[in-house]
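To start, the structure itself, in structure tokens.
The values are calculated or read from the model by the stated rules, or taken from the named source; none is laboratory data. Every value quoted in this text rests on a predicted model; they were computed, and no experiment measured them. As a convention, Cβ positions derive from the backbone with ideal geometry for all residues, glycine included, and neighbour counts pool all protein chains shown. Please note that ligands, DNA and RNA were not included when accessible areas were found on the heavy atoms of the full protein model with its side chains. Shrake-Rupley method; radii C 1.70, N 1.55, O 1.52, S 1.80 Å.
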Amino acid sequence: MSIDPTAIPVAIDLAKVLDVDFWVSVGVIAGIYALVALGLQLNVGFTGIVNFGQAAFMAIGAYTMALLVLDAGLSFWLALPISMLVTMGFGVIIGLPSLRLRADYFAIVTLAMAEVVRLVAQNARGLTGGNQGLFCAEDDPSNCFPNAWNDTSDSIESFLGNFIADPPSLLPLLLVIWAVVGISIFLLSRITDSPWGRVLRAIREDEDAARALGKNTIVYKLQSLAIASLLGCLAGLFLALNLKTIHPLDFEPLVTFFAYAVLILGGLASYRGVALGAILFWFVLEGTRYIELPEDPFTETRIAALRLAITGALLIGLMAFRPQGIFGKKQEMVLGE
């Protein structure tokens, strides 16, 4: 029996779609994924290494920060740089043996590494809380890892109150995240336009030729991976501040795949494209959240499938008419073997 699609009424709850608080929260998620994708842009777009492990770097950074605050008793602001250094060190340790592999094998290694990190976090209950995760205890402010950030957020919100009546609670986090994204784009653009960045492009195009010119390609690829892991760490820290909890399911491989979708939308070797791609991807995916279908036991499942179908159609259309992405260049699409 065939189903007539026109017989299925579709509506959108405009009141929820026009809610400012909702779009501020979407902007926060978009900024987090922009940071993840910036690391991928450096790896894939400029160095030619396919990294599927950004979710692991997010998890390492978030869990390290929380454990240093909750268990070691360090201040939040001291735990931040330590967690960044730990994550970069982890990235270097993973890269040392695996970056000598061919690109497709390296992708498999990083994907497996991300799953190992997530499964360890899920099963190390005494350390990470297991499936319950690490969370901010509302009834005990001292046992709250984003406590210092909450004080800063309140100060920013109070300042914004001079200009905006009743600013959204997530607006300070939104501003800080996108400020970090802007600074990251500026710094990454500068370093990839430097001689160091030109070596990365040479490695992407022909690693053997770069090696023949006396460049230690493994060191350069390690540096690229370390910077990507740092950006992944920042994304994980912001995700923890946003959710006020750290859970293994927040770091599934789907996180990295969504970041690749952002990368495809924005275009290879374009940092500003990553920012626009993150905004476009999440505003489409979340903007369709309030589609209304007839009441039945499978309504939520059908809406979720419809949202992904719409987002997938957007990606398919882009790949058909502009395969290099919004700001990408066709000459940047060919990666070195």
How about region 41-61: which of its residues are in contact with a Ser or Thr (Cβ under 8 Å, 6 or more places away or on another chain) and in a helix (DSSP H, G or I)? GLN41, LEU42, ASN43, GLY45, PHE46, THR47, GLN54, ALA55, ALA56, PHE57, ILE60, GLY61
Among all residue pairs at least 6 apart or on different chains, which show Cβ distances below 8 Å where the first residue, located in region 238-251, is without any contact (Cβ under 8 Å) to a residue 24 or more places away in the chain and the second is among the acidic types (Asp, Glu)? LEU243/ASP250
When you scan region 207-227, do you find a residue that is in a loop (DSSP other than H, G, I, E, B) and in contact with a Lys or Arg (Cβ under 8 Å, 6 or more places away or on another chain), even just one? no
Hits in region 67-88 - residues which are in a helix (DSSP H, G or I), open to solvent by 60 Å² or more (accessible area, probe 1.4 Å) and either closer than 20 Å to HIS247 by Cα or of a type in the set (D, E, K, R) (or both): VAL86
Pairs, first closer than 12 Å to LEU38 by Cα and among the basic types (Lys, Arg) in region 257-284, second in a helix (DSSP H, G or I) and open to solvent by less than 40 Å² (accessible area, probe 1.4 Å), C-beta under 8 Å, six or more apart: ARG272/ILE185; ARG272/GLY266
So which residues in region 156-190 are at pLDDT 95 or above and either of a type in the set (Lys, Arg) or open to solvent by 60 Å² or more (accessible area, probe 1.4 Å) (or both), if there are any at all? LEU175, TRP178, ILE183, PHE186, LEU187, ARG190
Regarding region 208-219, can at least one residue be identified that is at pLDDT below 95 and basic (Lys, Arg)? no
Tally, over region 265-288, of residues that are of a type in the set (A, V, I, L, M, F, W, C), open to solvent by 10 Å² or more (accessible area, probe 1.4 Å) and more than 18 Å from ARG307 (Cβ to Cβ): 4
Residue set SER194, SER153; condition surrounded by 13 or more Cβ atoms within 10 Å (Cβ to Cβ), among the hydroxyl-bearing types (Ser, Thr, Tyr) and on the phi < 0 side of the Ramachandran plot; output residue SER153
Can you tell me how many residues within region 260-311 are at pLDDT 85 or above and not in a helix (DSSP H, G or I)? 4
Just need a number here: residues in region 192-206 that are part of a helix (DSSP H, G or I) and free of Cβ contacts under 8 Å to residues at least 12 places away in the same chain. 2
